[in-house]
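Below is one structure, written out as structure tokens; the observations come after it.
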Amino acid sequence: MDARAKALTKSSTSEVEQYFFHKRSLSIDPYEFWRNNVNSSKYPFLKRLAIKYISVPATSAESG
């Protein structure tokens, strides 16, 4: 693994750890949490993941 990849992995891991220790309210809307500028600047990597996965449209398929 090159130096850039190691640095990215370390910063992402640190960001995830900080997020887990962040006190969150269970009543807050996930969209509001990630739209909040403070949270989005504290967790830029996680914000990108949240935008990608929270915004997935619901789908259904007829079961066989």
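List the aspartates and glutamates whose alpha-carbon lies under 15 Å from that of K42, not counting same-chain residues fewer than 8 positions away? Here the aspartates and glutamates satisfying the reach criterion relative to K42 are E15, E17, E32. Taken along the Cα-to-beta-carbon direction at a fixed 7 Å, the label points for D29 and S41 span 2.3 nm.
Ordering 33-41, 17-25 by mean Cβ neighbour count within 10 Å, with the highest value first, yields 33-41, 17-25.
We did not get these values from a lab; they are worked out from the coordinates using the rules stated. This one's a predicted model, so the numbers in the text were calculated from it and none came from an experiment. Cβ atoms come from the backbone with ideal geometry, glycine included; neighbour counts cover every protein chain shown.
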